[in-house]
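Peer 1: Before anything else, here's the structure in question.
Taken together, the values in this text are just the output of simple stated rules run on the coordinates, not laboratory data. Please read all numbers here as calculations on a predicted model, not as lab measurements. Heads up, the Cβs are rebuilt from the backbone with ideal geometry, glycines too, and the neighbour counts pull from every protein chain shown.
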Amino acid sequence: MRKSFLDLRKKIGRMTALIRALRLAAADPRVPWYAKALAAAVVGYALSPVDLIPDFIPVLGWLDDLILVPAGFWLAVKMIPPDVWEDCRRQAGETTEQSGTASDAGPVPGAPDASGE
């Protein structure tokens, strides 16, 4: 039980760091305007209590959160230049280290690495 709780805390810490990195990327002047707009929309939708499909509708209410947020996140990261994304992830990791939460924001599936692939 304790191990699964610690794993959950680590995953939440990683997600927090990635959302913070996306927020930093949306404010970075090196990011194109359309990537900034999508990143701001994804972060806003993820943190907003308003959903396209209300959560009280069984299954469909959760599907929009499970599909739209990760898809928007993935697309926004693809639009951000790889060097900028790495800088933002590094900055987000430094902030999480200072706050005492999980700082090992591992690679994002589908996100461009340093080589741009």
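Peer 1: Amide H neighbours of I53 under 5 Å, at least 5 residues apart or on other chains, H built in the peptide plane: list them.
Peer 2: The list, which skips near neighbours in sequence, is empty: none.
Peer 1: I would also like to ask the following. Would you mind putting 48-57, 24-33, 6-15, 85-94 in packing order, based on average other-beta-carbon counts within 10 Å, highest first? Intermediate results must be reported in sequence, preceding the final value.
Peer 2: Details: 48-57: 10.2, 24-33: 15.3, 6-15: 13.2, 85-94: 18.8.
Top of the packing list down: 85-94, 24-33, 6-15, 48-57.
Peer 1: When a/c reaches 1.5 or more, the comparison of a/b and b/c decides; with that in mind, is region 1-58 rounded, prolate or oblate per its Cα gyration tensor? Provide the component values of the computation, followed by the final result.
Peer 2: Values: a/c = 4.48, a/b = 1.34, b/c = 3.35.
Since a/c reaches 1.5 but b/c is at least a/b, the shape of region 1-58 is classed as oblate.
Peer 1: For region 2-10, in order, what is each residue's ³J(HN,Hα) by Karplus, 6.51 cos²θ - 1.76 cosθ + 1.60 with θ = phi - 60°, in whole Hz (x at glycine and Pro)?
Peer 2: 5, 5, 5, 5, 5, 4, 4, 4, 5
Peer 1: Let me ask something else about it. Under 17 Å between alpha carbons, and skipping anything fewer than 8 positions from K3 in its own chain: which lysines qualify?
Peer 2: Hits, sequence-local ones excluded: K11.
Peer 1: Taking the square root of 5 times each eigenvalue of the Cα gyration tensor, what semi-axes in Å does the equivalent ellipsoid of region 2-99 have, largest first? Mind showing how you got there, number by number?
Peer 2: Numbers: eigenvalues 115, 83, 19 Å².
Square roots of five times the eigenvalues give 24, 20, 10 Å.
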